[in-house]
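A.B. asks: First, the structure itself, so that you have it in front of you.
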Amino acid sequence: MRERIERLKQNLSRTIVGKEDAIRLTLVALLSGGHALLEDVPGVGKTLLAKSIARSIGGQFQRIQCTPDLLPTDITGTNIWNPSSGEFEFLPGPVFTNILLTDEINRATPRTQSALLEVMEEQQVTVDRVSRRVPRPFFVIATQNPIEYQGTFPLPEAQMDRFVLSLSLGYPSESEELQMLQQFSKGLTPEELQPCLTPEEVLELQQFCSRVQVETSVQQYILNLVRTTRDHEDIALGVSPRGAIALHRATQALAFLSGRDYALPDDVKFLAPYVLSHRLIAVGGRRAKTIVEQLLHSVAIP
């Protein structure tokens, strides 16, 4: 499994140049059983990363391009009348997949955004009082442009809390961008990548991650960070218990990706800005990530 994970990282680095942390964080979200939110400007590789992961694990891939006229049934599916059988039949929506790319999620209306709440948390879809399980593993990669606000609908706190972490790819360096141009001239696309894992092996890896040992002192460190956000004067809304669980699961996944069967406080420190920041509502124009970084300096490390 360790060898296959290394091949997976190498596979992704063939299409995603110079974004080792972004690749590692996305794999943390996948192996922890959560979902990832990519907040960045257009053209930096968000869609490319999602397609490359789907191709690398040999799973089903679906893409939803969110627009204001998108309906909830366009995501979940709906029942249609079949004249030949004289019965309604369920037509599955794009959520019935392994990797779901929800592009520009904040362009969908709140009503449509809410269609993802159940499936992201419970991995099932309920239509006309009938619940149906989606394939496993089920991994949502959502993207949004933090600069463009015209025609967008900010994600509510309940929706943001569904993502185990939020990250930004950022612009590449000059040397990385040159390497991208060189790769582009060779015509390398995600479709050319060979699968390194199967969906069943991803589920097995998720089980391995859940068995990574997290000592009580590290769990207390996670709890101290989370509870401090609830009483901070610059934070209007702190991290929920779901956020504490997400940080715990992400810490286990990062330790596993690092080749360890135990977690370290350094794993928590590295992940905290990505796991906690998007769950906070700061006051006075403060940046949530800056506040989390300050908390990492003030909360004692075990």
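A.B. asks: Across the range 80-105, what is the total count of residues that are among the polar types (S, T, N, Q), modelled with pLDDT under 90 and not in a strand (DSSP E or B)?
C.D. replies: Looking only at that region, the number is 2.
Let's see how each residue does on (1) within 21 Å of LEU27 (Cβ to Cβ); (2) modelled with pLDDT of 90 or more; (3) of a type outside the set (Ser, Thr, Tyr):
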| residue | (1), (2), (3) |
| --- | --- |
| GLU233 | no, no, yes |
| GLY238 | no, no, yes |
| ALA246 | yes, yes, yes |
| ARG249 | yes, yes, yes |
| ALA253 | yes, yes, yes |
| LEU257 | yes, yes, yes |
| TYR262 | yes, yes, no |
| ALA272 | yes, yes, yes |
| SER277 | yes, yes, no |
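A.B. asks: Can I ask one more? Let me confirm something: among LEU205, LEU193, LEU264, LEU225, which residue is surrounded by 15 or more Cβ atoms within 10 Å (Cβ to Cβ) and under 19 Å from the mean Cα position of the chain (by Cα)?
C.D. replies: So the residue among LEU205, LEU193, LEU264, LEU225 that is surrounded by 15 or more Cβ atoms within 10 Å (Cβ to Cβ) and under 19 Å from the mean Cα position of the chain (by Cα) is LEU205.
A.B. asks: Contact list please: Cβ distance under 6 Å, first residue in the range 169-184 and in contact (Cβ under 8 Å) with a residue 12 or more places away in the chain, second residue part of a helix (DSSP H, G or I), pairs at least six apart or on different chains.
C.D. replies: Close Cβ pairs satisfying both conditions: LEU169/ALA22.
A.B. asks: Checking the structure you have, find out if any residue of the range 256-272 is in contact with an Asp or Glu (Cβ under 7 Å, 6 or more places away or on another chain) and either in a helix (DSSP H, G or I) or without any contact (Cβ under 8 Å) to a residue 24 or more places away in the chain (or both).
C.D. replies: Looking for residues that are in contact with an Asp or Glu (Cβ under 7 Å, 6 or more places away or on another chain) and either in a helix (DSSP H, G or I) or without any contact (Cβ under 8 Å) to a residue 24 or more places away in the chain (or both), one finds none in the range 256-272, hence no.
A.B. asks: Checking the condition at pLDDT 90 or above, in contact with a Phe, Trp or Tyr (Cβ under 8 Å, 6 or more places away or on another chain) and of a type in the set (Ser, Thr, Tyr), which residue from THR76, THR109 passes?
C.D. replies: When all the criteria are applied, what remains is THR109.
A.B. asks: Restricting attention to the range 133-160, and to residues there that are open to solvent by less than 10 Å² (accessible area, probe 1.4 Å) and not in a loop (DSSP other than H, G, I, E, B), which single residue is nearest to ILE57 (Cα to Cα)?
C.D. replies: So, considering only residues that are open to solvent by less than 10 Å² (accessible area, probe 1.4 Å) and not in a loop (DSSP other than H, G, I, E, B), the one nearest to ILE57 (Cα to Cα) is PHE139.
A.B. asks: Here's another thing I want to ask about it. Within the set of pairs 6 or more residues apart or between chains, which connect a residue that is of a type in the set (Asp, Glu) inside the range 13-41 to a residue that is assigned to a helix (DSSP H, G or I) and open to solvent by 10 Å² or more (accessible area, probe 1.4 Å) with Cβ atoms less than 7 Å apart?
C.D. replies: Cβ pairs passing all conditions: ASP40/LYS46.
A.B. asks: Hey, can you tell me all the residues within the range 18-53 that are assigned to a loop (DSSP other than H, G, I, E, B) and either open to solvent by less than 10 Å² (accessible area, probe 1.4 Å) or among the small types (Gly, Ala, Ser) (or both)?
C.D. replies: Of everything in the range 18-53, those that are assigned to a loop (DSSP other than H, G, I, E, B) and either open to solvent by less than 10 Å² (accessible area, probe 1.4 Å) or among the small types (Gly, Ala, Ser) (or both) turn out to be GLY18, SER32, GLY33, GLY34, HIS35, GLY43, GLY45.
A.B. asks: Between SER56, SER32, SER85, which is of a type outside the set (A, V, I, L, M) and within 15 Å of the chain's Cα centre (by Cα)?
C.D. replies: SER32
A.B. asks: Can you pull out the residues in the range 55-87 that are free of Cβ contacts under 8 Å to residues at least 40 places away in the same chain and surrounded by fewer than 14 Cβ atoms within 10 Å (Cβ to Cβ)?
C.D. replies: GLN65, ASP69, ILE80, TRP81, ASN82, PRO83, SER84, SER85, GLY86, GLU87
A.B. asks: OK, next. Within the range 277-302, which residues are open to solvent by 50 Å² or more (accessible area, probe 1.4 Å) and in contact (Cβ under 8 Å) with a residue 12 or more places away in the chain?
C.D. replies: Of everything in the range 277-302, those that are open to solvent by 50 Å² or more (accessible area, probe 1.4 Å) and in contact (Cβ under 8 Å) with a residue 12 or more places away in the chain turn out to be ILE281, VAL283, GLY284, ARG286, LYS289, GLU293, SER298, ALA300, ILE301, PRO302.
A.B. asks: Considering the range 167-190 alone, what residues qualify as being open to solvent by 60 Å² or more (accessible area, probe 1.4 Å) and in a loop (DSSP other than H, G, I, E, B)?
C.D. replies: SER168, TYR171, LYS186
A.B. asks: Let me ask another. When only residues in the range 30-46 that are closer than 15 Å to ILE105 by Cβ and in contact with a helix residue (DSSP H, G or I) (Cβ under 9 Å, 6 or more places away or on another chain) count, which is modelled with the lowest pLDDT?
C.D. replies: Filtering the range 30-46 for residues that are closer than 15 Å to ILE105 by Cβ and in contact with a helix residue (DSSP H, G or I) (Cβ under 9 Å, 6 or more places away or on another chain), the one modelled with the lowest pLDDT comes out as ASP40.
A.B. asks: Can I ask one more? Looking only at the range 127-157, filter to residues that are without any contact (Cβ under 8 Å) to a residue 24 or more places away in the chain and over 15 Å from GLU39 (Cβ atoms); which one of those is farthest from the chain's Cα centre (by Cα)?
C.D. replies: Looking at residues that are without any contact (Cβ under 8 Å) to a residue 24 or more places away in the chain and over 15 Å from GLU39 (Cβ atoms), I get ARG129.
The values are calculated or read from the model by the stated rules, or taken from the named source; none is laboratory data. Here the structure is a predicted model, which is why all the values come from computation and not from measurement. Neighbour counts run over all protein chains shown; Cβ positions are idealised from the backbone, glycine included. These area figures cover heavy atoms from the full protein model, side chains too; ligands, DNA and RNA do not enter into them. Shrake-Rupley method; radii C 1.70, N 1.55, O 1.52, S 1.80 Å.
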